[in-house]
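Report on one structure; see the data block that follows.
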Amino acid sequence: MLNPLYFAHRLLLSCAIVTSLSANSTVTDNASDGEKLVEKTVLYSDGPYVFTQDKHLDAHWLCHGEKVSQRLTLSTEQVDNLASKPIAVSACDLPATIHNLINQEHEILEYNGDFPVAALSDFHGQYDLMIELLTNNNIIDKNQQWAFGNGHFVITGDIFDRGDKVTEILWFLYDLEQQAKKAGGEIHLTLGNHEVMVLNGDLRYLHPKYIETAKKLNKPFEQLFTSDSIIGNWLRSKPVLVKINNMLFAHGGFHPDLAKDKRTLVDINRVFKDNLVKAELDKPREGWAEVLHTTNGPIWYRGYFAAERGKDNGATSAEIDLLLKHFKVKHFIVGHTSQKQIETRYQGRVIAIDSSIKRGQYGEILFIENEKKWRGSLSGKVLPLYHQ
């Protein structure tokens, strides 16, 4: 029979170990005698976060847990020629290429033409899975360069939150956008609810890496994306919707009231964007601007999936027809509501492209060419698009 003092000693030892754990420490489960061993605190690397000030570029990284900064002073010639001669910055194997200091508001909302279209949604920081998916489906080549020719590639929001490689995705798409334009193609990033949440300081879904980044860079996380930052300015230029041929894309969807009230795409986008960041407004959102930023707005609406979510306020088939007629399209293509694969609703009139990339295990791309539609799997296999 063991001495009771032995158990008392083990209890005191266990308490001491637990008390010594820091907020960023992790614990292993394979220690002897039931003990837990403290592992090293995670030393994150992140960035860059690049800010403009006159003709200066101030770039900041988190490199293995420590802040690293660079300041570049640009000549007038460099500023004028950025579009053709971009500037690269790099530290701790985290590079970025800067193509312009200010991005103009993206005012073109409708595109028509004979070109292929690819669409997906909700990356949520899953950079490695994104690269695998885009490479295997020939959106990019093995060197991660644009390979989709004159195609239009649509991402209906939610790059931010949950995953731990958000910054890598942002800089990748920022650069890929320029490559697409040079090849005669286009990348359309529409804002999702998580972009808008972060810009407004709603950080409830942040990965711990970004909490640490904000702490070490001594700024609230949302202030790393202010209008004087390269990526923050770029995000503010993006629309909340885009119409391509006979398809209308948005993150969440379009509430039937938009058709009943005869709202135009231009009005929806303008009012939404004019009221994007609360802290930058002269007065609080009100009226229709407030509606567009809440449950029934284009980044939050889930009415196309209400029945399967056990809700009773979804759009009816007649309301879908009313919306399609009003906006003069045949399909709504949306993310936001996760599926196991790309699927359709309302006999194909609504296509759901959030294929749960955020889980880091699988994802799909929707392809449309000459009225034909199919799914590209993670391995690049061509799969049929099923109608539900």
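The values are calculated or read from the model by the stated rules, or taken from the named source; none is laboratory data. This one's a predicted model, so the numbers in the text were calculated from it and none came from an experiment. Here the Cβ positions follow ideal geometry from the backbone for every residue, glycine too, while neighbour counts run over all protein chains shown.
One table, with the values for the structure above:
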| quantity | calculated |
| --- | --- |
| Residues being under 10 Å from the mean Cα position of the chain (by Cα), under 22 Å from Pro239 (Cα atoms) and in a loop (DSSP other than H, G, I, E, B) - total across the range 126-175 | 6 |
| From the options Leu82, Leu57, residue that is part of a loop (DSSP other than H, G, I, E, B), outside the structural domain of Thr264 (by TED's automatic domain parsing) and among the hydrophobic types (A, V, I, L, M, F, W, C) | Leu82 |
| Within the range 206-219, tally of residues that are surrounded by fewer than 17 Cβ atoms within 10 Å (Cβ to Cβ) and within 23 Å of Phe123 (Cβ to Cβ) | 2 |
| Condition check for Leu129: surrounded by 14 or more Cβ atoms within 10 Å (Cβ to Cβ) and not assigned by TED's automatic domain parsing to the domain that holds Ile351 | no |
| Flag for Phe123 being under 18 Å from the mean Cα position of the chain (by Cα), in the same structural domain as Thr337 (by TED's automatic domain parsing) and buried (at least 23 other Cβ atoms within 10 Å of the Cβ) | yes |
| Residue satisfying all of: in the range 230-267; of a type in the set (Val, Ile, Thr) and touching a residue at least 60 places away in the same chain (Cβ under 8 Å); farthest from Ile333 (Cα to Cα) among these | Ile230 |
| Criterion: closer than 27 Å to Val166 by Cβ and surrounded by 16 or more Cβ atoms within 10 Å (Cβ to Cβ) - qualifying residue of Phe367, Phe327 | Phe367 |
| Qualifying residue in the range 309-316 (condition: part of a helix (DSSP H, G or I) and farther than 20 Å from His188 by Cβ) | yes |
| Among the residues listed as Asn245, Asn233, the single one being farther than 22 Å from Leu94 by Cα and either outside the structural domain of Ala83 (by TED's automatic domain parsing) or hydrophobic (A, V, I, L, M, F, W, C) (or both) | Asn245 |
| The one condition in (1) within 21 Å of Pro298 (Cβ to Cβ); (2) touching a Lys or Arg at 6+ places or on another chain (Cβ under 7 Å) that His207 fails to fulfil | (1) |
| Near pairs, Cβ below 7 angstrom, 6+ apart or cross-chain, from the range 377-388 (at positive phi) to any residue that is surrounded by 12 or more Cβ atoms within 10 Å (Cβ to Cβ) | Gly380/Asn136; Gly380/Asn137 |
| Top-ranked residue in the range 107-129 [being modelled with pLDDT of 95 or more, aliphatic (A, V, I, L, M) and out of contact with any helix residue (DSSP H, G or I) (no Cβ under 8 Å at 6 or more places or on another chain); ranked as nearest to Ser356 (Cα to Cα)] | Ala119 |
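Here's the yes/no breakdown for (1) within 24 Å of the chain's Cα centre (by Cα); (2) crowded, with 22+ Cβ neighbours inside 10 Å:
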{"residue": "Ile230", "(1), (2)": "yes, yes"}
{"residue": "Ile244", "(1), (2)": "yes, yes"}
{"residue": "His255", "(1), (2)": "yes, yes"}
{"residue": "Lys262", "(1), (2)": "no, no"}
{"residue": "Asn269", "(1), (2)": "yes, yes"}
{"residue": "Leu276", "(1), (2)": "yes, no"}
{"residue": "Ala279", "(1), (2)": "yes, no"}
{"residue": "Trp288", "(1), (2)": "no, no"}
